[in-house]
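Encoded as structure tokens, the structure appears first; notes follow it.
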């Protein structure tokens, strides 16, 4: 990652091997309030993000620190989202499945700790 | 039988199986930095852990082990942030809890607002809707519209609906309220429904006859108290400059006739209020209330599409809110129970497994799902704010009218489907990965009013700015001051 500030423009050069396009959009979405954001497919191996401040920047270092921190956070969020997507869908599907159905029987045939099947009891 | 017992019993496993350290699977969760030192992890059902900054990264990179971080590891497993099995054994518990969090959807629309008249004897500077007029024919709801509104209300799947009379000043059309209550009582009996009646009023036109009627019909009174006399009268301009006295006298008479808990007051925050948080709280305390609802200034009508002004106004409100909240907490710590209602709504979502039926802070949004508005002229709107927009000539959230629309047109029509794409924060940009998603909501009407589209744009959203900071602040208070968490626990139990 390379961050430069020149001519009232913040240039952020990022390796495609490290940051997915999705991560960049999610991260720099939040900069849209204070900056005009432009995300470019710069080369085969890099993305270029240009941030033009909407108001005068008094101190650049805190912004650079925030960009670095946010990129890590959004990359981590992407890992969680990717790894847990199926489970999340399963969770929501289970939450709302068969909502209308009456279900008076035990939902599984797992026995109690003693080891007998409750469904065989009358 | 033996085979079944061997295969499927739930006997405890050998101790070794509970001490393995063979890695773990992530469960869906989100995280957010509360401040430089601390961050919060929130799972899909709103359970949270506040930990040192950098912990989320360690969890995600599998750098937490049972041996080196015994307590944290146990917390992460117990609170469904990680699992030692790919599909956690208790996924059904988790999914039931998810469904419980969304239980406010079970019965569909409950709150039915009847704008019984637009006439009012006040000229409040922030009110965009009311008319000072004697013209009942033009500004009161007609009997036939009341009938149709009740008919639609009876079609709601909800067995317990609320019929709320709003204005203008609702009591100026008390004859219409009586007609509506009589009709609705009969319809409720026929349809096996229970109705809670609420009149929203400034109490100025209140008579003993009205009070007796409210007592007989168990009607609740919701009034306005904007703070001390100089703020209330400035906000609520009226000939004679006596709005404050009339409100206080009205509250006293309501309490005497109807009972202490049958009258509540709402604060409307104005620019003037922002300089007087402590005075406003003292006013509520002295007036015998044990809670206050610190609502933000309504952006409807004067801050549309102005990002800079919106941010400034929200910053000012947040400073006011925090100062007021700190004062309220101090009052509680000194032994007097006094609750802030907006914080309580959020805290109930944070600290209990249950949903909160507050239409301005839920996902899917409260519009249509929990509230519908029948306007004085028969038009039907998706929320109270939607009809305010309509008074400013913006009919985006018009769903139909009482003359021609049936239940299906209004509640399941094309417009309702169109809005449904923007009413769940789970699928909105910026919200979908927000750690506070489970505690927050979506507000397409506010997004449209302040930003010009129903989806909204979170980096400049007043809704996002306000809620993110209030939720963050509540967590920070609980993390830094265990005694404040105890105060919050009393708020959610009372």
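Structure notes:
- When each of B:328, B:281 is tested for being farther than 30 Å from residue B:453 by Cβ, surrounded by 19 or more Cβ atoms within 10 Å (Cβ to Cβ) and touching a strand residue (DSSP E or B) at 6+ places or on another chain (Cβ under 6 Å), the lone residue that passes is B:328.
Yes/no per residue for (1) out of contact with any strand residue (DSSP E or B) (no Cβ under 8 Å at 6 or more places or on another chain); (2) closer than 24 Å to residue A:33 by Cβ:
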site	(1), (2)
B:354	yes, no
B:373	no, no
B:380	no, no
B:393	yes, no
B:414	yes, no
B:424	yes, yes
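- Put simply, of A:86, A:80, A:23 the only residue that is outside any strand (DSSP E or B), under 20 Å from the mean Cα position of the chain (by Cα) and loosely packed, with under 13 Cβ neighbours inside 10 Å is A:86.
- Filter result for residue A:55 (loosely packed, with under 12 Cβ neighbours inside 10 Å and within 19 Å of residue B:457 (Cβ to Cβ)): yes
Residue-wise test of (1) within 30 Å of residue A:73 (Cβ to Cβ); (2) at pLDDT 95 or above; (3) more than 14 Å from chain A (Cβ to nearest Cβ).
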site: B:410; (1), (2), (3): no, yes, yes
site: B:436; (1), (2), (3): yes, yes, no
site: B:457; (1), (2), (3): yes, yes, no
site: B:473; (1), (2), (3): yes, yes, yes
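- For residue B:345, the conditions (1) buried (at least 18 other Cβ atoms within 10 Å of the Cβ); (2) closer than 24 Å to residue B:427 by Cα; (3) touching a strand residue (DSSP E or B) at 6+ places or on another chain (Cβ under 9 Å) are fulfilled apart from (3).
- For residue B:126: the one exception among (1) facing chain A (nearest Cβ under 10 Å); (2) within 30 Å of residue B:395 (Cα to Cα); (3) in contact with a helix residue (DSSP H, G or I) (Cβ under 9 Å, 6 or more places away or on another chain): (1)
- Of the helices (runs of 4 or more DSSP H) entirely within the stretch B:40-118, those holding at least 3 residues that are more than 14 Å from chain A (Cβ to nearest Cβ) and modelled with pLDDT of 95 or more occupy B:70-78.
Okay, residues lined up against (1) closer than 30 Å to residue B:94 by Cα; (2) within 14 Å of another protein chain (Cβ to nearest Cβ):
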| site | (1), (2) |
| --- | --- |
| A:43 | no, no |
| A:68 | no, yes |
| A:76 | yes, yes |
| A:96 | yes, yes |
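- Any hit, the stretch B:387-394, residues being touching a helix residue (DSSP H, G or I) at 6+ places or on another chain (Cβ under 6 Å) and either surrounded by fewer than 18 Cβ atoms within 10 Å (Cβ to Cβ) or closer than 22 Å to residue B:472 by Cβ (or both): no
- Restricting attention to the stretch B:138-162 and to residues that are over 15 Å from residue B:380 (Cβ atoms) and in contact with a strand residue (DSSP E or B) (Cβ under 7 Å, 6 or more places away or on another chain), the residue that is surrounded by the most Cβ atoms within 10 Å (Cβ to Cβ) turns out to be B:140.
- Evaluation of residue A:119 against (1) modelled with pLDDT of 95 or more; (2) more than 8 Å from chain B (Cβ to nearest Cβ); (3) not in a loop (DSSP other than H, G, I, E, B) (one fails), failing number: (1)
- Considering the conditions (1) at pLDDT 95 or above; (2) crowded, with 20+ Cβ neighbours inside 10 Å, residue B:314 is excluded by exactly one of them, (1).
- Just one of the numbered conditions (1) in contact with a strand residue (DSSP E or B) (Cβ under 8 Å, 6 or more places away or on another chain); (2) outside any helix (DSSP H, G or I) is not true of residue B:184: (2).
- Close pairs from the stretch A:17-28: first at pLDDT 95 or above, partner assigned to a helix (DSSP H, G or I), Cβ under 6 Å, at least 6 apart: A:23/A:74; A:23/A:75; A:23/A:78; A:26/A:74; A:27/A:70; A:27/A:71; A:27/A:74
- Which listed residue is surrounded by 16 or more Cβ atoms within 10 Å (Cβ to Cβ) and without any contact (Cβ under 8 Å) to a residue 24 or more places away in the chain, from B:456, B:400: B:400
- Qualifying residue in the stretch B:125-135 (condition: exposed (fewer than 15 other Cβ atoms within 10 Å of the Cβ) and not in a loop (DSSP other than H, G, I, E, B)): no
- The stretch A:29-53: number of residues that are assigned to a helix (DSSP H, G or I) and touching a residue at least 40 places away in the same chain (Cβ under 8 Å): 1
- Lone unmet requirement of (1) out of contact with any strand residue (DSSP E or B) (no Cβ under 7 Å at 6 or more places or on another chain); (2) within 26 Å of residue B:358 (Cα to Cα); (3) surrounded by 15 or more Cβ atoms within 10 Å (Cβ to Cβ); (4) modelled with pLDDT of 95 or more for residue B:214: (1)
The values are calculated or read from the model by the stated rules, or taken from the named source; none is laboratory data. Everything numeric here is computed off the predicted structure, so don't read it as measured data. Don't worry about glycine lacking a Cβ; one is built from the backbone with ideal geometry, like all the others, and counts go over all protein chains shown.
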